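Below: the structure, in structure tokens.
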Amino acid sequence: MKRFKIIYLLMLFVSIVIWSGCKKDDNKDVLAAFSFELTANPGEVIFTNSSSNADIYTWNFGDGNSSTIVNPTHVYSDNDTYIVILKAQGSSGSNSVQDTVIVDNIQ
């Protein structure tokens, strides 16, 4: 009976060690995310950053302009389709996301 207790305790110890090694690291993954809204002002787009676990943001507006503002407003000069890229960086790495912005309200 003593041998079974030792085996049980050993298996319990190994299980705890394995489980604790599987816990997610305190550093959370960086996730880049944003939404946007074309305003009534010609060419103006408001970007809302909804990224997580990041503290540095780099926007590429697809027209040669960029920004490091968290939630920028950008004014495009031409009606066109633009690929906007947001790169979010944090202590655990970086992540990028892109979306297509169609500007069609410039007279």
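The values are calculated or read from the model by the stated rules, or taken from the named source; none is laboratory data. Computed from a prediction, not measured in an experiment: that's the story for all the values here. Counting neighbours? That spans all protein chains shown, and the Cβs are built from the backbone with ideal geometry, glycine included. Remember, those area values only see protein heavy atoms, side chains included, never the ligands or the DNA or RNA. Shrake-Rupley method; radii C 1.70, N 1.55, O 1.52, S 1.80 Å.
Things to note:
- Residue in the range 82-99 that is in contact (Cβ under 8 Å) with a residue 12 or more places away in the chain and over 21 Å from the mean Cα position of the chain (by Cα) present: no
Listed here are the residues, each with its yes/no results for (1) under 13 Å from L31 (Cα atoms); (2) of a type in the set (F, W, Y).
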site: I56; (1), (2): yes, no
site: I69; (1), (2): no, no
site: Y76; (1), (2): no, yes
site: N79; (1), (2): no, no
site: L86; (1), (2): yes, no
site: Q89; (1), (2): yes, no
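- Whichever residue in the range 59-71 is closer than 14 Å to A32 by Cβ and in a loop (DSSP other than H, G, I, E, B) and, among such residues, is most open to solvent (accessible area, probe 1.4 Å): T68
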